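The values are calculated or read from the model by the stated rules, or taken from the named source; none is laboratory data. Owing to the predicted nature of the structure, the values given are computational and were not obtained by experimental measurement. Methodologically, a virtual Cβ is constructed for each residue, glycine included, from the backbone with ideal geometry; neighbour enumeration extends over all protein chains shown.
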Amino acid sequence: MNETVYTKPVLKWAGGKSQLLHEIMPRMPKEFTNYIEPFFGSGAVYFALAPDHAIIADSNPELINLYKVIASDVESLIDLLSTYENTKEQFYSIRAVDWKDLQPLEAAARTVYLNKTCFNGLYRVNKKGLFNTPYANNKRTVFCDPMEMRKAATLLESAEIICGDFHQVLMEHAQSGDFIFLDPPYVPVSKYADFKRYTKEQFGEDDQRKLAEDVKALSQRGCKLMITNSNHPLVHDLYRDFKIEIFQTRRMINKDANNRTGEDVIVTTY
């Protein structure tokens, strides 16, 4: 592993794995060749593990643009973010701009700024692919910690960063001996669950089944896989051939403050 101090995720992330690290890290294989994570999100597990050789990927091009900019030009990103202000007016002005119309550096700054100033760090897009989470109105928010951003850049510089579908990434890159961490959008367990609006294409039951098929194929290939998901009957059915453990977690985006507890599962194939 890289000899670095623990690095925090750059982004807040609804469904991020920071709160489950104490369960995830001890269950990782002691030895592996490459680390692969195709549903990267905020990358909490990657930043905590700090692997020497990694392939990190996501189907969200805006997210991948951010990590590539951090890896290649972190100082310019820090400088640009220092010019932003945490106001409702600037939030909605920046949100109204389509990130695809911006240069990579400006788009990356927009991603960080909106993430840190929106409601609970919820990355949500409509069917047109436009970010639509409202302003949080939290004046204590700090949207750029230069020291943490530089630590993230040091780690990201050594990774191969790919924008792509999970199936494509796994089938093209995974080899025997690799460790693959999979944190897909969860199977919804309540009427308020909204993890599927991660990209405009969404992520449904067919995708969950396809992922499970890939897990079986990669396990036979000699890969070591860990999967997180909700404690749902579909998940238990899809991964019934592997070890499934259940853990209590918190759901910070549930509309009912009294119903923010939930259960995650960790599936391991080794």
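Across the stretch 76-96, which residue is nearest to residue 153 (Cα to Cα) among those that are surrounded by 12 or more Cβ atoms within 10 Å (Cβ to Cβ) and among the charged types (D, E, K, R)?
Per the criteria, the residue is 79.
Those residues that are of a type in the set (Val, Ile, Thr) and loosely packed, with under 14 Cβ neighbours inside 10 Å, I need them from the stretch 199-246; list them, please. Explain how you work it out, then say what you get.
Step one: list which residues in the stretch 199-246 are of a type in the set (Val, Ile, Thr), which gives 199, 215, 227-228, 235, 244, 246.
246, the sole residue that qualifies.
With surrounded by 18 or more Cβ atoms within 10 Å (Cβ to Cβ), under 19 Å from residue 105 (Cβ atoms), of a type outside the set (Gly, Ala, Ser) and in contact with a Pro (Cβ under 9 Å, 6 or more places away or on another chain) as the only criterion, which of 65, 60, 34 stands out? Quick ask: steps written out before the conclusion?
Numbers: 60 fails: in contact with a Pro (Cβ under 9 Å, 6 or more places away or on another chain); 34 fails: under 19 Å from residue 105 (Cβ atoms).
Within the list 65, 60, 34, the selection yields 65.
Go through the stretch 140-180 and give me each residue that's hydroxyl-bearing (Ser, Thr, Tyr) and in a helix (DSSP H, G or I).
Within the stretch 140-180, the first condition is being hydroxyl-bearing (Ser, Thr, Tyr), and the residues that meet it are 141, 154, 158, 176.
Correct list: 154 only.
Does residue 62 satisfy being in the same structural domain as residue 171 (by TED's automatic domain parsing), in a helix (DSSP H, G or I) and in contact with a helix residue (DSSP H, G or I) (Cβ under 9 Å, 6 or more places away or on another chain)?
On the way: in the same structural domain as residue 171 (by TED's automatic domain parsing): yes; in a helix (DSSP H, G or I): yes; in contact with a helix residue (DSSP H, G or I) (Cβ under 9 Å, 6 or more places away or on another chain): yes.
Yes; evaluated as a whole, the condition is true for this residue.
Hey, does the stretch 112-120 have a residue that's surrounded by 21 or more Cβ atoms within 10 Å (Cβ to Cβ), part of a helix (DSSP H, G or I) and among the β-branched types (Val, Ile, Thr)?
Taking every residue of the stretch 112-120 in turn, at least one turns out to be surrounded by 21 or more Cβ atoms within 10 Å (Cβ to Cβ), part of a helix (DSSP H, G or I) and among the β-branched types (Val, Ile, Thr).
Any residue that is at positive phi and modelled with pLDDT under 95 - is there at least one of those in the stretch 100-121?
Here is the first cut: in the stretch 100-121, the ones at positive phi are 120-121.
Then drop every residue that is not modelled with pLDDT under 95, which leaves 120-121.
Checked the stretch 100-121: at least one residue is at positive phi and modelled with pLDDT under 95.
Just the residues that are touching a helix residue (DSSP H, G or I) at 6+ places or on another chain (Cβ under 7 Å) and either part of a loop (DSSP other than H, G, I, E, B) or modelled with pLDDT under 55 (or both), please, taken from the stretch 189-209.
Across the stretch 189-209, the qualifying residues are 202, 203, 204.
Going by the structure shown, is residue 45 more than 24 Å from residue 246 (Cα to Cα) and either touching a residue at least 24 places away in the same chain (Cβ under 8 Å) or part of a loop (DSSP other than H, G, I, E, B) (or both)? Before you say what the answer is, go through the steps one by one.
On the way: more than 24 Å from residue 246 (Cα to Cα): no; either touching a residue at least 24 places away in the same chain (Cβ under 8 Å) or part of a loop (DSSP other than H, G, I, E, B) (or both): yes.
No.
Out of all the residues in the stretch 145-168, which are among the hydrophobic types (A, V, I, L, M, F, W, C) and within 18 Å of the chain's Cα centre (by Cα)? Step through it out loud before you land on a result.
Here is the first cut: in the stretch 145-168, the ones among the hydrophobic types (A, V, I, L, M, F, W, C) are 147, 149, 152-153, 155-156, 159, 161-163, 166.
Those that are among the hydrophobic types (A, V, I, L, M, F, W, C) and within 18 Å of the chain's Cα centre (by Cα): 149, 152, 153, 155, 156, 159, 161, 162, 163, 166.
Name the one entry in 6, 35 that is of a type in the set (Phe, Trp, Tyr) and in contact (Cβ under 8 Å) with a residue 60 or more places away in the chain. First the steps, then the outcome.
On the way: 6 fails: in contact (Cβ under 8 Å) with a residue 60 or more places away in the chain.
It is 35.
Taking the stretch 10-38 on its own, how many of its residues are within 22 Å of residue 119 (Cβ to Cβ) and either of a type in the set (Val, Ile, Thr) or modelled with pLDDT of 95 or more (or both)?
Of the residues in the stretch 10-38, 1 are within 22 Å of residue 119 (Cβ to Cβ) and either of a type in the set (Val, Ile, Thr) or modelled with pLDDT of 95 or more (or both).
So if I check each of 31, 89, which one is assigned to a helix (DSSP H, G or I) and acidic (Asp, Glu)? Working first, answer last.
Details: 31 fails: assigned to a helix (DSSP H, G or I).
None of the other options fit; the residue is 89.
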